[in-house]
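*Asks:* Please see the structure below; I have some questions.
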Amino acid sequence: MKRKGLGVSRITGWFNFLGQVAVTAGVDYGAATFANALLEMQFGFAATPGHTVTVFAVILLVHGLLNTRGVRLVALFNNVSVWWHLAGVTVIVGALVLVPSHHASASFVLTKFVNNTGFHSSFYVAMLGLLLAQYTLTGYDASAHMTEETQDAARSGPRGIVNSVLVSLVAGWILLLGLTFAIQDYDGALTSSTGVPPAQIFIDAIGDTGAKLLLLIVIGAQFFCGMASVTANSRMIYAFSRDGALPGSRLWHRINPRTQTPTSAVWLAAGGAFLLGLPALWNSTAYAAVTSVSVIGLYIAYVIPVFLRLRQGEAFARGPWHLGRWSRPVGVVAVGWTALIAVLFMLPTVSPVTAVSFNYTPVAVAVVLGFAGLWWLVSARHWFTGPKVHGTPEELAAAEAELEIR
């Protein structure tokens, strides 16, 4: 039974690793598309797949370099990020509400349904549309990854998760309403030369100069988000490899004695994200596939502990932060919902399915699951004994340094 539990824990870690890498790829590729749109407007740098992937690589490189400079710089970026996002949403929504002379009707915003996928089932297309919301509600596990560097982790960790969901829900909903009410030409936004419909919405609503300023705000927010994603991913890689759960673990869990950062893990996070986003060069649906991979990987990792907790029932030892009598019904809904989206987001997103439009999500998930399962059966089950709770002096010093900063 213990060996079975250890195997499940490794599968959970591998899916979390996949999801973390994919989230980094999704955020930074999104930043690259918006940055390329701004470059096209300002300098005529065409929004082609090759150019966007180049910008994507540069953003990942910068994030890698910044994350290797030390924990104080990372903490500074995190603090600025919070205010940038909140102020940015206020500025963008304010501009889209006050500046345009015309706004879309409530019936257009709330009831118009557009199906450009090639599928005839509106229900199927609507279900695929859930990917946007589901992708937005990921990454809150970053609070869990940072708990080793947090005071009163049993309370502050889950509190950070809940607060991040609530803030994302409110701010995201307001931003979406502001953006959709500002649409002037729906078809024109879809065929924009910038390659980014929101950029064209900005242009149509408030003009070129204002659109460039709003794009800078959006790119800045995405840059901060990608920075935090690389940080969280590197900490996950560090902890996972500290337990010997990744090939080359001795390399990935090293701490740089000068900067007190897991430098090798940072570059694995950035490099893995680049490889996952690279198919965008020849696959028109690559971005949707990356977001699907991130959602499936992370949510499977999220829900496995929930499923195991449900199996334990009243034998489960609650922590100081729990749902009380709502624990079981919420857990059942979470498991059922994750099972649904894990299947849904591996299905085709456009029709007909070709080599150019193929959703490679099932391939990525199958490779990770197959590799993790095979490695466990062949090797790891003979020596893996569970997480290591004691770190080296360098590791403990790094954790203490980050804790002091926070």
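The values are calculated or read from the model by the stated rules, or taken from the named source; none is laboratory data. The structure presented is a predicted model; accordingly, all values stated were derived computationally and were not measured. Note that we place each Cβ from the backbone using ideal geometry, even for glycine, and neighbour counts take in every protein chain shown.
*Asks:* Could you give me the residue pairs with C-beta distances under 6 Å whose first residue belongs to the stretch 270-284 and is of a type outside the set (D, E), whose second residue is not in a helix (DSSP H, G or I) wherever it lies, and which are 6+ apart or on separate chains?
*Replies:* S284/V356; S284/S357
*Asks:* Can you name the condition, by its number, that T52 falls short on among (1) free of Cβ contacts under 8 Å to residues at least 12 places away in the same chain; (2) under 20 Å from the mean Cα position of the chain (by Cα)?
*Replies:* Exception for T52: condition (1).
*Asks:* So which residues in the stretch 340-395 are assigned to a helix (DSSP H, G or I), at pLDDT 85 or above and touching a helix residue (DSSP H, G or I) at 6+ places or on another chain (Cβ under 7 Å), if there are any at all?
*Replies:* Across the stretch 340-395, the qualifying residues are I341, A342, L344, T361.
*Asks:* Determine whether the stretch 68-75 contains at least one residue that is of a type in the set (G, A, S), out of contact with any Gly (no Cβ under 6 Å at 6 or more places or on another chain), part of a helix (DSSP H, G or I) and surrounded by 17 or more Cβ atoms within 10 Å (Cβ to Cβ). If you could, list the steps in order and put the result at the bottom.
*Replies:* Residues of the stretch 68-75 of a type in the set (G, A, S): 70, 75.
From what is left, the residues that are out of contact with any Gly (no Cβ under 6 Å at 6 or more places or on another chain) are 70, 75.
Keeping just the survivors that are part of a helix (DSSP H, G or I) gives 75.
Subsequent filtering for residues that are surrounded by 17 or more Cβ atoms within 10 Å (Cβ to Cβ) retains none.
So far as the stretch 68-75 goes, no, none of its residues is of a type in the set (G, A, S), out of contact with any Gly (no Cβ under 6 Å at 6 or more places or on another chain), part of a helix (DSSP H, G or I) and surrounded by 17 or more Cβ atoms within 10 Å (Cβ to Cβ).
*Asks:* Tell me, please, whether a residue that is in contact with a Gly (Cβ under 7 Å, 6 or more places away or on another chain), over 16 Å from H103 (Cβ atoms), in contact (Cβ under 8 Å) with a residue 12 or more places away in the chain and surrounded by 15 or more Cβ atoms within 10 Å (Cβ to Cβ) can be found in the stretch 185-195. Show your work before the answer.
*Replies:* Residues of the stretch 185-195 that are in contact with a Gly (Cβ under 7 Å, 6 or more places away or on another chain), as a first pass: none.
Within the stretch 185-195, none of the residues are in contact with a Gly (Cβ under 7 Å, 6 or more places away or on another chain), over 16 Å from H103 (Cβ atoms), in contact (Cβ under 8 Å) with a residue 12 or more places away in the chain and surrounded by 15 or more Cβ atoms within 10 Å (Cβ to Cβ).
*Asks:* Of the residues that make up the stretch 227-240, is at least one surrounded by fewer than 16 Cβ atoms within 10 Å (Cβ to Cβ) and within 25 Å of P305 (Cα to Cα)?
*Replies:* So in the stretch 227-240, the residues surrounded by fewer than 16 Cβ atoms within 10 Å (Cβ to Cβ) come out as none.
No: zero hits.
*Asks:* Tell me, which residue of the stretch 267-301 that is hydroxyl-bearing (S, T, Y) and either closer than 13 Å to V53 by Cα or at pLDDT 90 or above (or both) is surrounded by the fewest Cβ atoms within 10 Å (Cβ to Cβ)?
*Replies:* Going through the qualifying residues, I end up with S284.
*Asks:* Here's a follow-up. Out of curiosity, is V170 surrounded by fewer than 16 Cβ atoms within 10 Å (Cβ to Cβ) and in contact with a Leu (Cβ under 8 Å, 6 or more places away or on another chain)?
*Replies:* No; evaluated as a whole, the condition is false for this residue.
*Asks:* Here's a check for you: in the stretch 356-375, which residue that is without any contact (Cβ under 8 Å) to a residue 60 or more places away in the chain and either in contact with an Asp or Glu (Cβ under 6 Å, 6 or more places away or on another chain) or aliphatic (A, V, I, L, M) (or both) is farthest from S122 (Cα to Cα)?
*Replies:* L374
*Asks:* Which condition breaks for G30 when tested against (1) surrounded by fewer than 17 Cβ atoms within 10 Å (Cβ to Cβ); (2) touching a residue at least 60 places away in the same chain (Cβ under 8 Å)?
*Replies:* Condition (1) is where G30 drops out.
*Asks:* Give V89, V8 a once-over and let me know the one that is more than 18 Å from the chain's Cα centre (by Cα), of a type in the set (V, I, T), more than 23 Å from M236 (Cα to Cα) and part of a helix (DSSP H, G or I).
*Replies:* V89
*Asks:* Let me ask you something else. Against the condition part of a helix (DSSP H, G or I) and more than 18 Å from the chain's Cα centre (by Cα), how does V58 come out, does it pass?
*Replies:* Working: part of a helix (DSSP H, G or I): yes; more than 18 Å from the chain's Cα centre (by Cα): yes.
Yes: the conditions hold for V58.
*Asks:* Those residues that are hydroxyl-bearing (S, T, Y) and farther than 19 Å from S351 by Cα, I need them from the stretch 259-290; list them, please.
*Replies:* Listed by number, the residues that qualify are T259, T261, T263, S264.
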